[in-house]
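Shown next, in structure tokens, is the structure this report addresses.
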Amino acid sequence: MSNITGALYKIRYLDEFSRKKTLMHRLSPTIKLIVTLIYILLVVSFGKYQLGGVIAMSAYPLIMLSLAEMPAKELIKRVVVAMPFVMGVGIFNPVFDRDIMTYFLGIGISGGWISFLTLIVKGVLTVSSAIILVGTTGIENIAHSMRILKMPKIFVVLILLTYRYISVLMEEAASIWTAYKLRAPGQKGIRHDVWGPLLGQLLLRTYDRGIRVYDAMILRGFDGDFRMGTAFVTGIGSYLFLLIALAGFLIIRLSVITMILDLLI
Amino acid sequence: MHMADALLSPAVGGAMWAAASGGAAYSANKLKTDLDDRKIPLMGVMGAFVFASQMINFTIPATGSSGHIGGGMLLAILLGGHAGFLTMASVLLIQALFFADGGLLALGANIFNLGFFTCYVAYPLIYKKIISNKYTRGRLIAASVISVVVALQLGAFSVVLQTFFSGKTELPFTSFLLLMQPIHLAIGLVEGLITAAVVSFVWNARPEIITHANERKPLKNIDIRKVIVGVLIATVVVGGFLSWFASENPDGLEWAIFNTTGTEELEGSNPVNEFFARIQEKTAFLPDYGFKETSEGAGNSGTSFSGVTGGIITMVLALGVGKLISVFKRIKS
């Protein structure tokens with residue numbers, strides 16, 4: 001139950017946040033989507049021992065957070081949830097890869113630990129950049145950009161519809177769960193003899209709702225396309241953002257700062 | 001069972017993206033031609049239903065644990081293969097964006113693992129074959145359980161393959177496989193039983209919902225071979241293309257080669273390799289701050305040390321810039 005309300009809060013928070021009007025929010029959604037995808041690709045393109053490189057890549061989400069005025073706490077909460085799988089798979093690196101690679105303050109550090117850390121940093125960065133994208137752009141605008149990038153119309157409409165109904169259905173699921181809990185105190189989950197009826201009832205209601213939604217949409221002139229309220233003009237600012245972001249990524253990817261350090265040392 | 005961005009290499013992630021978008025384009029196209037357009041809103045709310053219902057926990061009898069429904073198979077059963085696939089894809093996209101389940105690069109892999117195997121493999125080849133248009137409670141339950149279990153096994157296997165080819169972890173292929181398959185057998189059984197319970201309940205109450213999905217899309221219309229061949233071609237082309245570009249790095253496919261043959265590169269240099277070798281020589285003054293070299297020449301930790309330091313300096317710089325922006329904004333308002 002707390003699970004459902006927690007999830008609802010997460011969705012609503014990002015939804016409301018995406019309506020802010022900071023510099024980041026006003027940039028073209030399509031450009032933001034493209035920059036985010038390039039960023040993720042570059043982050044994962046680092047080799048498994050290139051810890052320094054991926055740490056440097058954190059520059060992008062860090063600066064974006066400030067530009068978008070997004071509280072780091074909200075981001076961290078979401079990132080933490082995504083980590084267990086990455087850590088579960090990565091934790092075997094220190095076990096299998098024990099060759100000492102470098103010394104830090106006289107303590108030998110094995111390659112496995114370095115690649116494990118690299119993996120975690122990569123996980124944090126890729127997840128963060130995606131959340132920052134939604135938080136500054138909103139699902140409607142992302143969907144709009146997907147249309148501009150030639151994704152199938154049906155798919156885009158479907159995403160918007162699914163998104164709209166998630167909160168409605170989560171509320172229904174939450175009230176079913178509460179009703180069950182009140183009648184069956186002290187149980188961890190739903191007993192097996194009501195598995196079918198409990199979800200099945202919700203499913204039947206959902207099905208009928210789907211039909212009613214369709215009828216209502218037809219009556220209002222739905223022709224298979226979604227009309228977006230705001231038409232985005234890709235201004236000079238957006239192109240500038242694209243340029244600066246790409247240049248920054250390139251500088252980090254080619255490790256220019258490390259090169260300068262090497263020359264100095 | 002969501003795959004994460006961090007575990008993927010660009011080549012594998014890109015290949016899976018190509019496979020998934022190929023599947024999405026095919027199913028969208030298929031739906032456009034024979035869509036009863038009543039289905040679009042239905043697909044939307046059913047996607048939301050799967051989303052919401054995955055948050056309700058079901059107690060597994062005689063154990064202390066609990067599970068939830070498997071979405072892909074239920075969607076295929078209720079909406080048919082194409083609509084189910086597309087709906088699953090949209091659910092996964094929203095999960096990636098709002099809940100950090102999986103990631104944007106891993107989205108392709110996740111759509112493939114959780115959508116393709118359920119809607120385009122288990123649904124037509126197992127579920128429909130078992131039902132074969134004779135609906136009984138027993139058949140429905142058997143078909144749901146078996147198809148969910150098989151789809152999840154294939155999905156789990158696919159996660160292992162994707163992780164292996166990405167080469168980001170040291171986990172040996174067989175160990176990972178032996179870890180993943182049994183766990184997902186148990187999960188699959190639970191998900192299958194819950195799915196079966198829901199399907200047979202709906203069939204009792206409103207049989208037309210279950211039978212319609214099957215009839216509206218006669219099996220003849222779905223040319224599975226075309227889908228599979230298309231997806232395969234897209235995967236190979238993009239995977240090959242990207243790994244060719246990525247081949248300067250000692251990761252990804254090379255890592256896989258290294259682990260299977262014991263050498264970093266297959267013997268015998270080809271023009272492509274030579275080309276990159278020459279580029280590498282030319283750009284050798286760019287320290288490719290890998291720790292690799294330092295492991296050979298012990299004590300020479302200069303590059304690795306400055307590599308990490310450089311990274312941290314960049315991060316601190318970014319933090320400083322961020323702080324400056326915040327301060328500037330506060331003064332302005």
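None of the figures in this text is laboratory data; all of them are computed from the coordinates on show. A quick note: this is a predicted structure, and the numbers were derived from the prediction, not measured. When we count neighbours, we look across all protein chains shown, and the Cβ atoms used for this are built from the backbone with ideal geometry, even at glycine.
Observations
- On Cα atoms only, tilt of A:59-68 relative to the major axis of chain A in degrees: 50 degrees
- 31 Å Cα-Cα threshold exceeded, pairs from B:LYS30/B:LYS168; A:LYS21/A:LYS153; A:LYS10/B:LYS30; A:LYS21/B:LYS168; A:LYS73/B:LYS332: B:LYS30/B:LYS168; A:LYS10/B:LYS30; A:LYS21/B:LYS168
- Pairwise centroid distance, computed over Cα atoms, of the range A:130-198 with the range B:109-136, Å: 23 Å
- The mean number of Cβ atoms from other chains found within 10 Å of a Cβ in peptide B:201-210 is 4, as a whole number.
- By the beta-carbon count within 10 Å of each Cβ, the least crowded to most crowded order of A:TRP177, B:TRP17, fewest first, is A:TRP177, B:TRP17.
- Positive contributions from Lys and Arg (+1) and negative ones from Asp and Glu (-1), summed over other residues with Cβ under 12 Å from the Cβ of A:LEU14, come out at +3.
- Length-normalised contact order of chain A in % [C-alpha pairs under 8 Å, at least 6 apart]: 30 percent
- Calculated from backbone phi, Karplus (6.51, -1.76, 1.60) coupling profile of the range B:112-121 in Hz, x at Gly/Pro: 5, 5, 9, x, 5, 5, 6, 7, 10, 10
- Loop-resident trypsin sites (Lys or Arg not before Pro) (DSSP state other than H, G, I, E or B) in the range A:2-75 with no more than 16 further Cβ atoms inside 10 Å of their Cβ: A:ARG19, A:LYS20, A:LYS21.
- Derived scalar couplings between HN and Hα for the range A:6-11 equal x, 5, 4, 4, 4, 5 Hz in order, rounded to whole Hz, by the Karplus curve 6.51 cos²θ - 1.76 cosθ + 1.60 (θ = phi - 60°), x for Gly and Pro.
- Fewest-first sequence of A:HIS192, B:HIS82, A:HIS25 by Cβ atoms within 10 Å of each Cβ: A:HIS192, A:HIS25, B:HIS82
- Averaged over the residues of peptide B:320-327, the number of Cβ atoms from other protein chains lying within 10 Å of each residue's Cβ is 4.
- Residues A:ILE91, B:ILE210, ranked from the fewest to the most other C-beta atoms within 10 Å, line up as A:ILE91, B:ILE210.
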